[in-house]
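Data first, discussion second: the structure below is written as structure tokens.
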Amino acid sequence: TSTFLSQKPKSELVRTSLRLLTSSAYRLQSECKKTLPVETCPGTDIQLVTQQVIQCAYDIAKAAKQLVTITTKENNN
């Protein structure tokens, strides 16, 4: 782990972004497991799983962008 993530962030915006990043990463892992042959059930809707994977990836990108924006602003102050 990096020093940034191991310290408790002071900014509520940073904490919120990190929570979104973490929860989205866990969701992405869970959704991707559903596509594995061992995990796939006959009733698995691959199209729905694909949409969920895309949404998780979007949420991860959104959280990462928020963190970059916040830290850039904090570093410029």
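The values are calculated or read from the model by the stated rules, or taken from the named source; none is laboratory data. Predicted, not measured: the structure shown is a model, and the values here were computed from it. Reconstructed Cβ throughout: ideal geometry from the backbone, glycine too, with neighbour counts over all protein chains shown. Ligands, DNA and RNA are stripped out before the accessible areas are found, and what is left, the full protein with its side chains, is counted by its heavy atoms. Shrake-Rupley method; radii C 1.70, N 1.55, O 1.52, S 1.80 Å.
Criterion first (at pLDDT below 85, part of a loop (DSSP other than H, G, I, E, B), surrounded by fewer than 14 Cβ atoms within 10 Å (Cβ to Cβ) and not polar (S, T, N, Q)) does Lys8 satisfy it? So Lys8 passes the test.
Condition test on Ser17, is it under 16 Å from the mean Cα position of the chain (by Cα), modelled with pLDDT under 90 and either closer than 17 Å to Val68 by Cβ or not aliphatic (A, V, I, L, M) (or both)? Give the steps one after another, and end with the answer.
On the way: under 16 Å from the mean Cα position of the chain (by Cα): yes; modelled with pLDDT under 90: yes; either closer than 17 Å to Val68 by Cβ or not aliphatic (A, V, I, L, M) (or both): yes.
Taking the combined requirement at face value, the residue satisfies it.
Annotation: of all residues in region 53-77 being open to solvent by less than 50 Å² (accessible area, probe 1.4 Å) and either within 17 Å of Glu12 (Cβ to Cβ) or of a type in the set (D, E, K, R) (or both), the one that is modelled with the lowest pLDDT is Thr71.
Residues in region 40-52 that are open to solvent by less than 70 Å² (accessible area, probe 1.4 Å) and either free of Cβ contacts under 8 Å to residues at least 24 places away in the same chain or touching a Cys at 6+ places or on another chain (Cβ under 9 Å) (or both): Thr40, Thr44, Val49, Thr50.
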